[in-house]
Amino acid sequence: MKPLRLRFRKSGSIRYISHLDLSRAFSRALVRAGVGLWYTEGFNPHPFLVFGPPLSVGYIGEREILDIRLVSDEEPEDIRYRLSRALPRGLEVTEIYTGGRPLKELARATYSVYMEGGPALFGALARLWEQDRVTAFKKSKSRAGFTEVDITRHIRALRPSPSEDGYRAELCLPCSQSENVNPALLLAAVEKEAGTPFDYRLITRTDFLDAEGEPFW
């Protein structure tokens, strides 16, 4: 078996499909492209596909991760070309390489957040920055269905700068198997403090980092 790591972009209207539908789209495209995939063994064999951390519905992903295994010796660039013709619009494989690091070493993700807000946005942020502790609730597998998360240091890193008709902020958040903070938690806290929803937001996950803050490859 030959392991390969694909880095791909998810954008346009296809960013609204679920993680399950994303997996199906890649499975079909890989088969149509004639890629010699390795299939799992057992009663119900299926192609070996391992994605990086799931991307929330509606988010753009610039360098998402997909690991596959081959049973044939094929050139990565040839596979990338064939996939470009088989994938639906909005999914684009940008890199294919061997020797990718174990996904368990992935620790953080970087995001670009765009929003419209004006004075209400900055007023809410100023009040949150002054608070000793800011918490949010995220879905969990606990009996209560939600768990409280301390987002104080992440809120203080959310400092939008003017951009076109709105504001843009760059964030680096935990994105590991043990800890994951979605930027939507931060925006929800700001909206709650402001007492009004933002007119528009666009969240892009731009890349992944390891525990030392180095690019994850």
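To the nearest 10, the accessible area of residue 217 is 130 Å² with a 1.4 Å probe. Taking the 1.4 Å solvent-accessible surface of region 99-217 as the whole, the part contributed by carbon and sulfur is 49%. Relative to the longest principal axis of the Cα atoms of the chain, the long axis of helix 76-86 lies at roughly 70 degrees. Largest accessible area first, the residues 19, 46, 154 order themselves as 46, 19, 154 under a 1.4 Å probe with ligands, DNA and RNA left out.
Computed from Cα positions, the angle between helix 19-32 and the longest principal axis of the chain comes to roughly 30 degrees. Other residues lying with their Cβ under 10 Å from the Cβ of residue 2 contribute a combined charge of -1, Lys and Arg counting +1, Asp and Glu -1. Entry comment: accessible area of region 129-217 is 62 Å² per residue, from protein heavy atoms only and a probe of 1.4 Å. Below 10 angstrom from the Cβ of residue 166, what's the summed charge of the other residues (Lys, Arg +1; Asp, Glu -1)? After counting each charged neighbour, the total is -2. Surface analysis of region 1-114 yields an accessible area of 51 Å² per residue, using protein heavy atoms and a 1.4 Å probe.
Lys and Arg at +1, Asp and Glu at -1: add these up for the other residues within a Cβ distance under 13 Å of residue 200 and post the number. After counting each charged neighbour, the total is -3. In the chain, the sites counted are GluC sites (Glu not before Pro) in DSSP loop states with at most 15 other Cβ atoms within 10 Å, and the longest stretch holding none of them, exclusive of the sites, is 42-115. Amide H neighbours of residue 134 under 5 Å, at least 5 residues apart or on other chains, H built in the peptide plane: list them. Amide H neighbours of residue 134, under 5 Å, 5+ apart: 151, 152.
What separates the Cα centres of region 1-43 and region 149-181 is a distance of 29 Å. Excluding the site residues themselves, the longest part of the chain lacking any trypsin sites (Lys or Arg not before Pro) in a DSSP loop with at most 10 other Cβ atoms within 10 Å is 1-88.
For region 128-208, the Stokes-Einstein estimate of translational diffusion at 10 °C and a viscosity of 1.306 mPa s comes to 113 µm²/s, using the Kirkwood hydrodynamic radius over alpha-carbon pairs.
The values are calculated or read from the model by the stated rules, or taken from the named source; none is laboratory data. Because the structure is a prediction, the values reported are computed rather than measured. A quick note on method: Cβ atoms are made from the backbone with ideal geometry, for glycine too, and the neighbour counts reach across all protein chains shown. These accessible areas exclude ligands, DNA and RNA; they are computed on the full protein's heavy atoms, side chains included. Shrake-Rupley method; radii C 1.70, N 1.55, O 1.52, S 1.80 Å.
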